[in-house]
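The values are calculated or read from the model by the stated rules, or taken from the named source; none is laboratory data. Remember, predicted model here, so these are calculated numbers, not experimental data. Here the Cβ positions follow ideal geometry from the backbone for every residue, glycine too, while neighbour counts run over all protein chains shown.
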Amino acid sequence: MFYILYVFIYSLLLSLLDQVKSQACQGATQYDQCSSNIACGCLPLMNIDNSSICVLLHVKCSDLVSCAENSRVCYRPAHQCVRHPQCHSTPVCYPEAMALQVLCPPIPATTTPSSVVPDDGICENAIWNINGATVAGGNGEGSYTLDVQQQGLNISSDQMNYVFEWFKLGASSGRVVAGGHEEGNQTNQLTYVTKVIVDKNGTMFICDRDIMQVKRWFKDASHGEILIANISCWGLAIDNKETLYISDFEQHLVITWPGGQVVAGGNGEGHALNQLSEPNHIFVDQDQSVFVTDFHNNRVTKWPTGAKVGIVVAGESAIVDRMGTIYVNDHYNHRIMRWLKGSTSGSIIIGGQGSGNGTTQLSYPDDLIFDRQGNIYVSDYFNHRVQMFTVDKSTCVKGQFSTSTIN
(Lines give C-alpha, C1' and ligand atoms only; values in the text may rest on other atoms or scores of the structure.)
Protein backbone atom coordinates (compact mmCIF):
# COMPACT_ATOMS: atom_id res chain seq x y z
CA MET A 1 0.00 0.00 0.00
CA PHE A 2 2.83 2.37 0.88
CA TYR A 3 4.48 1.67 -2.46
CA ILE A 4 1.30 2.71 -4.28
CA LEU A 5 1.09 5.83 -2.11
CA TYR A 6 4.69 6.84 -2.88
CA VAL A 7 4.21 6.38 -6.63
CA PHE A 8 1.02 8.48 -6.47
CA ILE A 9 2.80 11.25 -4.54
CA TYR A 10 5.68 11.17 -6.99
CA SER A 11 3.38 11.51 -10.01
CA LEU A 12 1.51 14.34 -8.34
CA LEU A 13 4.63 16.28 -7.48
CA LEU A 14 6.04 16.00 -10.98
CA SER A 15 3.39 18.52 -11.99
CA LEU A 16 4.95 21.16 -9.75
CA LEU A 17 7.80 21.96 -12.23
CA ASP A 18 10.49 23.88 -10.30
CA GLN A 19 9.40 22.35 -7.00
CA VAL A 20 10.14 18.77 -8.08
CA LYS A 21 13.92 19.07 -8.37
CA SER A 22 15.91 17.08 -5.85
CA GLN A 23 19.22 18.31 -4.49
CA ALA A 24 22.55 16.60 -3.96
CA CYS A 25 24.45 16.85 -0.68
CA GLN A 26 27.74 18.52 -1.54
CA GLY A 27 30.57 17.45 0.77
CA ALA A 28 28.14 16.24 3.44
CA THR A 29 28.32 13.05 5.47
CA GLN A 30 25.55 10.58 6.19
CA TYR A 31 22.48 12.10 7.90
CA ASP A 32 23.92 15.64 7.77
CA GLN A 33 21.35 18.42 7.67
CA CYS A 34 20.81 19.46 4.04
CA SER A 35 17.58 21.49 4.09
CA SER A 36 15.74 24.22 5.96
CA ASN A 37 13.37 21.36 6.85
CA ILE A 38 15.26 19.67 9.71
CA ALA A 39 13.32 16.46 9.07
CA CYS A 40 15.55 16.00 5.99
CA GLY A 41 19.04 14.50 5.88
CA CYS A 42 21.68 13.14 3.52
CA LEU A 43 21.72 9.50 2.39
CA PRO A 44 24.65 8.18 0.29
CA LEU A 45 23.76 6.93 -3.20
CA MET A 46 25.07 3.46 -3.98
CA ASN A 47 25.26 3.81 -7.77
CA ILE A 48 27.29 7.05 -7.79
CA ASP A 49 30.60 7.22 -5.92
CA ASN A 50 30.91 9.84 -3.15
CA SER A 51 27.45 11.26 -3.84
CA SER A 52 24.50 11.73 -1.51
CA ILE A 53 20.91 12.90 -1.89
CA CYS A 54 18.85 15.06 0.44
CA VAL A 55 15.67 13.23 1.50
CA LEU A 56 12.83 13.44 4.01
CA LEU A 57 13.83 10.84 6.61
CA HIS A 58 10.34 10.18 7.99
CA VAL A 59 9.71 6.97 6.07
CA LYS A 60 9.04 3.80 8.04
CA CYS A 61 11.96 1.38 7.88
CA SER A 62 9.52 -1.50 7.44
CA ASP A 63 8.36 0.04 4.12
CA LEU A 64 11.84 -0.04 2.59
CA VAL A 65 13.14 -3.04 0.63
CA SER A 66 16.72 -4.07 -0.03
CA CYS A 67 18.49 -3.14 -3.25
CA ALA A 68 19.30 -5.79 -5.86
CA GLU A 69 22.46 -6.79 -7.77
CA ASN A 70 25.19 -6.40 -5.17
CA SER A 71 23.15 -3.76 -3.32
CA ARG A 72 23.39 -1.12 -6.03
CA VAL A 73 20.18 -1.28 -8.10
CA CYS A 74 16.48 -0.65 -7.46
CA TYR A 75 13.95 -2.22 -9.78
CA ARG A 76 11.05 -0.34 -8.22
CA PRO A 77 10.07 2.66 -10.35
CA ALA A 78 11.04 6.08 -8.97
CA HIS A 79 13.36 4.71 -6.25
CA GLN A 80 17.07 5.18 -5.57
CA CYS A 81 19.45 2.73 -3.91
CA VAL A 82 20.88 4.38 -0.77
CA ARG A 83 22.73 3.48 2.40
CA HIS A 84 20.48 3.96 5.45
CA PRO A 85 22.01 2.08 8.41
CA GLN A 86 19.47 3.43 10.89
CA CYS A 87 16.95 1.23 9.08
CA HIS A 88 18.90 -1.67 7.54
CA SER A 89 22.45 -2.98 7.50
CA THR A 90 22.27 -3.38 3.70
CA PRO A 91 21.38 -0.65 1.15
CA VAL A 92 17.67 -0.01 0.57
CA CYS A 93 15.43 1.42 -2.16
CA TYR A 94 14.27 4.90 -1.15
CA PRO A 95 11.35 6.69 -2.89
CA GLU A 96 12.43 9.64 -5.02
CA ALA A 97 9.22 11.40 -3.98
CA MET A 98 10.83 11.95 -0.57
CA ALA A 99 13.77 13.80 -2.16
CA LEU A 100 11.88 16.61 -3.85
CA GLN A 101 12.56 20.23 -2.97
CA VAL A 102 8.92 20.77 -2.11
CA LEU A 103 9.65 18.60 0.96
CA CYS A 104 13.35 19.39 1.44
CA PRO A 105 13.96 22.99 0.27
CA PRO A 106 17.62 24.08 0.15
CA ILE A 107 19.18 25.91 3.07
CA PRO A 108 19.19 29.64 2.21
CA ALA A 109 22.44 31.27 1.20
CA THR A 110 24.57 32.57 4.06
CA THR A 111 23.78 36.07 5.23
CA THR A 112 25.19 38.14 8.05
CA PRO A 113 22.88 38.06 11.08
CA SER A 114 21.43 41.41 12.04
CA SER A 115 23.11 43.18 14.97
CA VAL A 116 19.82 44.84 15.93
CA VAL A 117 18.59 43.89 19.39
CA PRO A 118 14.95 42.74 19.07
CA ASP A 119 12.26 44.66 20.92
CA ASP A 120 11.26 41.52 22.84
CA GLY A 121 14.61 41.59 24.64
CA ILE A 122 15.90 38.32 23.14
CA CYS A 123 19.18 38.86 21.31
CA GLU A 124 21.52 36.48 19.51
CA ASN A 125 23.55 35.90 22.69
CA ALA A 126 20.58 34.94 24.90
CA ILE A 127 20.81 31.47 26.42
CA TRP A 128 18.44 29.15 28.26
CA ASN A 129 19.14 27.04 31.34
CA ILE A 130 19.70 23.47 30.17
CA ASN A 131 18.02 22.16 33.32
CA GLY A 132 14.24 22.29 33.18
CA ALA A 133 11.92 22.64 36.17
CA THR A 134 8.65 20.69 36.19
CA VAL A 135 5.73 23.12 36.55
CA ALA A 136 2.90 20.67 35.82
CA GLY A 137 2.38 16.93 35.55
CA GLY A 138 5.10 14.37 36.07
CA ASN A 139 2.80 12.20 38.14
CA GLY A 140 1.21 9.91 35.55
CA GLU A 141 -0.26 9.87 32.09
CA GLY A 142 -1.38 12.97 30.22
CA SER A 143 -0.16 15.28 27.46
CA TYR A 144 -0.51 19.03 27.77
CA THR A 145 -1.29 22.05 25.61
CA LEU A 146 -0.07 25.44 26.80
CA ASP A 147 -0.92 29.12 26.66
CA VAL A 148 0.83 31.92 28.55
CA GLN A 149 -0.85 35.29 29.03
CA GLN A 150 -0.35 38.18 31.41
CA GLN A 151 -2.60 36.57 34.03
CA GLY A 152 -0.71 33.29 34.17
CA LEU A 153 -0.10 29.92 32.60
CA ASN A 154 -3.08 28.01 31.20
CA ILE A 155 -2.66 24.25 30.93
CA SER A 156 -5.10 21.74 29.49
CA SER A 157 -4.61 18.01 29.02
CA ASP A 158 -6.12 15.20 26.97
CA GLN A 159 -6.57 13.42 30.34
CA MET A 160 -8.58 16.36 31.77
CA ASN A 161 -11.95 17.90 30.93
CA TYR A 162 -10.98 21.29 32.28
CA VAL A 163 -8.49 24.14 31.88
CA PHE A 164 -6.23 24.91 34.82
CA GLU A 165 -4.61 28.31 35.46
CA TRP A 166 -1.53 29.24 37.48
CA PHE A 167 -1.72 32.92 38.52
CA LYS A 168 2.00 33.09 39.29
CA LEU A 169 4.29 31.22 36.93
CA GLY A 170 6.13 28.52 38.86
CA ALA A 171 3.46 28.31 41.58
CA SER A 172 2.47 24.86 42.86
CA SER A 173 -1.27 25.43 42.68
CA GLY A 174 -3.92 27.31 40.73
CA ARG A 175 -7.61 27.05 39.91
CA VAL A 176 -9.96 25.55 37.34
CA VAL A 177 -11.10 28.29 34.94
CA ALA A 178 -13.15 26.26 32.45
CA GLY A 179 -14.91 22.89 32.50
CA GLY A 180 -14.41 20.50 35.38
CA HIS A 181 -17.94 19.03 35.23
CA GLU A 182 -17.04 15.67 33.70
CA GLU A 183 -16.97 15.08 29.95
CA GLY A 184 -19.95 16.25 27.91
CA ASN A 185 -21.32 18.63 25.32
CA GLN A 186 -23.06 21.08 27.67
CA THR A 187 -21.82 24.67 27.75
CA ASN A 188 -20.17 24.14 31.17
CA GLN A 189 -18.38 20.96 30.03
CA LEU A 190 -15.32 20.04 27.96
CA THR A 191 -14.19 16.72 26.46
CA TYR A 192 -10.85 16.75 24.58
CA VAL A 193 -9.16 20.15 24.62
CA THR A 194 -6.38 20.53 22.03
CA LYS A 195 -5.79 24.26 22.36
CA VAL A 196 -6.65 27.23 24.59
CA ILE A 197 -5.86 30.82 23.61
CA VAL A 198 -6.63 33.93 25.69
CA ASP A 199 -7.27 37.44 24.38
CA LYS A 200 -6.24 40.72 26.03
CA ASN A 201 -9.50 40.82 28.03
CA GLY A 202 -8.99 37.38 29.55
CA THR A 203 -11.58 35.69 27.32
CA MET A 204 -10.61 32.11 26.50
CA PHE A 205 -11.15 30.46 23.14
CA ILE A 206 -11.11 26.68 23.47
CA CYS A 207 -10.90 24.01 20.80
CA ASP A 208 -12.93 21.02 22.04
CA ARG A 209 -11.90 18.53 19.40
CA ASP A 210 -14.06 15.49 20.19
CA ILE A 211 -17.34 17.40 19.95
CA MET A 212 -16.05 19.53 17.03
CA GLN A 213 -16.59 22.92 18.63
CA VAL A 214 -14.74 26.14 19.28
CA LYS A 215 -16.03 27.65 22.52
CA ARG A 216 -15.72 31.17 23.87
CA TRP A 217 -15.39 31.37 27.65
CA PHE A 218 -15.51 34.85 29.15
CA LYS A 219 -13.30 35.63 32.13
CA ASP A 220 -14.69 34.25 35.42
CA ALA A 221 -17.77 32.80 33.66
CA SER A 222 -19.24 29.49 34.88
CA HIS A 223 -19.90 28.27 31.35
CA GLY A 224 -18.87 28.92 27.77
CA GLU A 225 -20.74 29.46 24.54
CA ILE A 226 -20.42 27.72 21.20
CA LEU A 227 -18.61 30.05 18.81
CA ILE A 228 -18.16 27.63 15.88
CA ALA A 229 -19.83 24.21 15.56
CA ASN A 230 -19.06 21.23 13.30
CA ILE A 231 -15.40 22.05 12.82
CA SER A 232 -12.50 19.63 13.23
CA CYS A 233 -10.44 22.21 15.08
CA TRP A 234 -7.01 21.58 16.55
CA GLY A 235 -5.03 24.82 16.78
CA LEU A 236 -6.04 28.39 17.60
CA ALA A 237 -4.29 31.76 17.37
CA ILE A 238 -5.20 35.44 17.76
CA ASP A 239 -3.51 38.27 15.85
CA ASN A 240 -2.89 41.83 17.03
CA LYS A 241 -6.23 42.90 15.54
CA GLU A 242 -8.12 40.35 17.67
CA THR A 243 -8.97 38.12 14.69
CA LEU A 244 -9.21 34.44 15.64
CA TYR A 245 -7.55 31.77 13.46
CA ILE A 246 -8.58 28.08 13.54
CA SER A 247 -6.90 25.06 11.96
CA ASP A 248 -9.31 22.42 10.58
CA PHE A 249 -7.42 19.13 10.33
CA GLU A 250 -10.12 17.27 8.38
CA GLN A 251 -10.65 20.01 5.80
CA HIS A 252 -6.87 20.67 5.65
CA LEU A 253 -7.07 24.44 5.99
CA VAL A 254 -6.90 27.43 8.33
CA ILE A 255 -9.80 29.88 8.56
CA THR A 256 -10.51 33.13 10.40
CA TRP A 257 -13.32 34.19 12.70
CA PRO A 258 -15.31 36.24 12.12
CA GLY A 259 -15.64 35.93 8.36
CA GLY A 260 -14.60 32.34 7.67
CA GLN A 261 -11.83 33.38 5.26
CA VAL A 262 -9.41 30.63 4.22
CA VAL A 263 -5.88 31.90 4.90
CA ALA A 264 -3.89 28.66 4.43
CA GLY A 265 -4.59 25.48 2.47
CA GLY A 266 -8.12 24.92 1.24
CA ASN A 267 -7.05 22.96 -1.86
CA GLY A 268 -7.61 19.47 -0.51
CA GLU A 269 -5.12 17.25 1.26
CA GLY A 270 -1.68 16.95 -0.32
CA HIS A 271 2.05 17.76 -0.38
CA ALA A 272 1.94 20.70 -2.80
CA LEU A 273 2.78 24.13 -1.41
CA ASN A 274 -0.84 25.27 -1.82
CA GLN A 275 -2.03 22.31 0.26
CA LEU A 276 -1.92 21.03 3.84
CA SER A 277 -2.28 17.57 5.38
CA GLU A 278 -3.98 17.58 8.79
CA PRO A 279 -2.70 20.97 10.06
CA ASN A 280 -2.62 21.28 13.83
CA HIS A 281 -0.66 24.00 15.67
CA ILE A 282 -0.73 27.53 14.23
CA PHE A 283 0.74 30.96 14.93
CA VAL A 284 0.12 34.46 13.51
CA ASP A 285 2.88 37.08 13.61
CA GLN A 286 2.57 40.85 13.87
CA ASP A 287 2.26 41.12 10.06
CA GLN A 288 -0.65 38.62 10.00
CA SER A 289 1.50 35.95 8.35
CA VAL A 290 0.19 32.52 9.33
CA PHE A 291 2.60 29.74 10.33
CA VAL A 292 1.12 26.25 10.13
CA THR A 293 2.40 22.96 11.53
CA ASP A 294 1.59 20.72 8.55
CA PHE A 295 1.49 17.44 10.47
CA HIS A 296 1.56 14.69 7.84
CA ASN A 297 3.92 16.66 5.62
CA ASN A 298 6.43 16.99 8.50
CA ARG A 299 6.93 20.70 7.93
CA VAL A 300 6.02 24.20 9.05
CA THR A 301 4.80 26.52 6.29
CA LYS A 302 4.47 30.30 6.34
CA TRP A 303 1.51 31.94 4.57
CA PRO A 304 1.93 35.74 4.22
CA THR A 305 -1.27 37.79 4.04
CA GLY A 306 -3.10 36.99 0.81
CA ALA A 307 -0.69 34.19 -0.19
CA LYS A 308 -1.99 31.31 -2.32
CA VAL A 309 0.94 29.02 -1.49
CA GLY A 310 2.99 28.45 1.64
CA ILE A 311 6.73 28.72 2.19
CA VAL A 312 8.50 25.87 4.00
CA VAL A 313 10.36 27.37 6.96
CA ALA A 314 11.03 24.38 9.23
CA GLY A 315 10.30 20.78 10.01
CA GLU A 316 8.08 19.61 12.90
CA SER A 317 6.40 22.42 14.90
CA ALA A 318 7.92 25.78 15.79
CA ILE A 319 7.51 29.19 17.38
CA VAL A 320 8.75 32.50 15.98
CA ASP A 321 9.91 35.63 17.78
CA ARG A 322 9.53 39.24 16.65
CA MET A 323 12.82 39.28 14.76
CA GLY A 324 11.94 36.17 12.78
CA THR A 325 14.11 33.75 14.76
CA ILE A 326 12.54 30.29 14.58
CA TYR A 327 12.51 27.91 17.54
CA VAL A 328 11.88 24.37 16.33
CA ASN A 329 10.27 21.62 18.37
CA ASP A 330 12.37 18.69 17.08
CA HIS A 331 9.97 16.00 18.29
CA TYR A 332 11.83 12.86 17.20
CA ASN A 333 15.26 14.07 18.34
CA HIS A 334 13.97 15.16 21.79
CA ARG A 335 15.29 18.70 21.59
CA ILE A 336 14.52 22.37 20.87
CA MET A 337 16.48 24.04 18.05
CA ARG A 338 17.00 27.76 17.39
CA TRP A 339 17.43 29.17 13.86
CA LEU A 340 18.47 32.83 13.70
CA LYS A 341 16.94 34.72 10.79
CA GLY A 342 19.15 34.31 7.73
CA SER A 343 21.20 31.53 9.31
CA THR A 344 22.04 28.37 7.37
CA SER A 345 22.04 26.12 10.44
CA GLY A 346 20.34 25.79 13.79
CA SER A 347 21.68 25.29 17.30
CA ILE A 348 20.39 23.12 20.14
CA ILE A 349 19.20 25.21 23.07
CA ILE A 350 17.26 22.58 25.07
CA GLY A 351 17.50 18.79 25.23
CA GLY A 352 19.47 16.83 22.67
CA GLN A 353 20.58 14.39 25.38
CA GLY A 354 18.50 11.51 24.07
CA SER A 355 15.03 10.52 25.24
CA GLY A 356 14.79 10.50 29.03
CA ASN A 357 13.22 12.05 32.13
CA GLY A 358 16.24 13.90 33.49
CA THR A 359 16.18 17.67 33.99
CA THR A 360 18.30 18.13 30.84
CA GLN A 361 16.24 15.69 28.77
CA LEU A 362 12.96 15.61 26.85
CA SER A 363 10.97 12.72 25.44
CA TYR A 364 9.04 13.53 22.24
CA PRO A 365 8.16 17.19 23.04
CA ASP A 366 4.91 18.25 21.35
CA ASP A 367 4.10 21.82 22.43
CA LEU A 368 6.27 24.88 22.98
CA ILE A 369 5.61 28.40 24.24
CA PHE A 370 7.30 31.49 25.70
CA ASP A 371 6.20 33.65 28.60
CA ARG A 372 6.64 37.42 28.57
CA GLN A 373 10.18 37.21 29.96
CA GLY A 374 11.31 34.75 27.29
CA ASN A 375 11.35 31.63 29.47
CA ILE A 376 10.45 28.53 27.46
CA TYR A 377 7.76 26.03 28.45
CA VAL A 378 7.77 22.61 26.79
CA SER A 379 5.02 19.98 26.86
CA ASP A 380 7.18 16.87 27.38
CA TYR A 381 4.87 14.25 25.87
CA PHE A 382 6.19 10.84 27.00
CA ASN A 383 7.23 12.21 30.40
CA HIS A 384 3.70 13.58 30.94
CA ARG A 385 4.96 16.89 32.27
CA VAL A 386 5.48 20.57 31.46
CA GLN A 387 9.08 21.79 31.77
CA MET A 388 10.16 25.42 32.18
CA PHE A 389 13.61 26.55 30.98
CA THR A 390 14.63 29.99 32.25
CA VAL A 391 16.26 32.52 29.93
CA ASP A 392 19.42 34.54 30.58
CA LYS A 393 19.23 37.90 28.75
CA SER A 394 22.04 39.58 30.67
CA THR A 395 23.85 40.33 27.39
CA CYS A 396 20.71 41.79 25.80
CA VAL A 397 18.88 45.10 26.07
CA LYS A 398 16.07 44.84 28.61
CA GLY A 399 12.66 44.33 26.99
CA GLN A 400 9.41 42.44 27.12
CA PHE A 401 8.99 39.17 25.28
CA SER A 402 6.26 38.55 22.71
CA THR A 403 3.83 35.75 23.58
CA SER A 404 3.10 34.89 19.94
CA THR A 405 3.67 31.18 19.26
CA ILE A 406 2.91 28.24 16.98
CA ASN A 407 1.54 25.80 19.49
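Residues of the stretch 48-65 that are more than 21 Å from residue 101 (Cβ to Cβ) and touching a Cys at 6+ places or on another chain (Cβ under 9 Å): 60, 61, 62, 64, 65. Taking the stretch 347-397 as the range and being surrounded by 18 or more Cβ atoms within 10 Å (Cβ to Cβ) and among the β-branched types (Val, Ile, Thr) as the test, the residues that pass are 349, 350, 369, 376, 378, 386, 391. For the stretch 353-390, the set of residues classified as over 14 Å from residue 332 (Cβ atoms) and small (Gly, Ala, Ser) consists of 356, 358, 374, 379, listed by residue number. Put simply, of 325, 256, 305, 301 the only residue that is among the polar types (S, T, N, Q), farther than 20 Å from residue 381 by Cα and touching a Phe, Trp or Tyr at 6+ places or on another chain (Cβ under 6 Å) is 256.
Looking at the stretch 320-341, is at least one residue among the β-branched types (Val, Ile, Thr) and surrounded by fewer than 18 Cβ atoms within 10 Å (Cβ to Cβ)? Looking through the stretch 320-341, none of the residues is among the β-branched types (Val, Ile, Thr) and surrounded by fewer than 18 Cβ atoms within 10 Å (Cβ to Cβ). Looking at 145, 134, just one residue is under 24 Å from residue 196 (Cβ atoms), polar (S, T, N, Q) and modelled with pLDDT of 75 or more, and that residue is 134. The set of residues in the stretch 251-274 being of a type in the set (Gly, Ala, Ser) and within 19 Å of the chain's Cα centre (by Cα) consists of 264, 265, 270, 272. Is there a residue being under 16 Å from residue 319 (Cβ atoms), surrounded by fewer than 20 Cβ atoms within 10 Å (Cβ to Cβ) and not aromatic (Phe, Trp, Tyr) anywhere in the stretch 222-239? Within the stretch 222-239 (the criterion being under 16 Å from residue 319 (Cβ atoms), surrounded by fewer than 20 Cβ atoms within 10 Å (Cβ to Cβ) and not aromatic (Phe, Trp, Tyr)), the answer is yes, since at least one residue qualifies.
For the stretch 281-338, a tally of residues being of a type outside the set (A, V, I, L, M, F, W, C) and farther than 22 Å from residue 261 by Cβ returns 20. The residues of the stretch 50-79 that are within 29 Å of the chain's Cα centre (by Cα) and polar (S, T, N, Q), listed by number, are 52, 62.
Residues are listed down the side, and each one gets a yes or a no for (1) among the hydroxyl-bearing types (Ser, Thr, Tyr); (2) part of a strand (DSSP E or B):
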| residue | (1), (2) |
| --- | --- |
| 281 | no, yes |
| 307 | no, no |
| 313 | no, yes |
| 322 | no, no |
| 328 | no, yes |
| 332 | yes, no |
| 341 | no, no |
| 348 | no, yes |
| 357 | no, no |
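For (1) outside the structural domain of residue 369 (by TED's automatic domain parsing); (2) modelled with pLDDT under 90; (3) crowded, with 17+ Cβ neighbours inside 10 Å, each residue gets a yes or a no:
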site: 154; (1), (2), (3): no, yes, yes
site: 171; (1), (2), (3): no, yes, no
site: 202; (1), (2), (3): no, yes, no
site: 241; (1), (2), (3): yes, yes, no
site: 263; (1), (2), (3): yes, no, yes
site: 266; (1), (2), (3): yes, no, yes
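Residues in the stretch 184-236 that are under 25 Å from residue 278 (Cα atoms), in contact (Cβ under 8 Å) with a residue 24 or more places away in the chain and more than 23 Å from the chain's Cα centre (by Cα): 185, 190, 191, 211, 215, 226, 227, 228.
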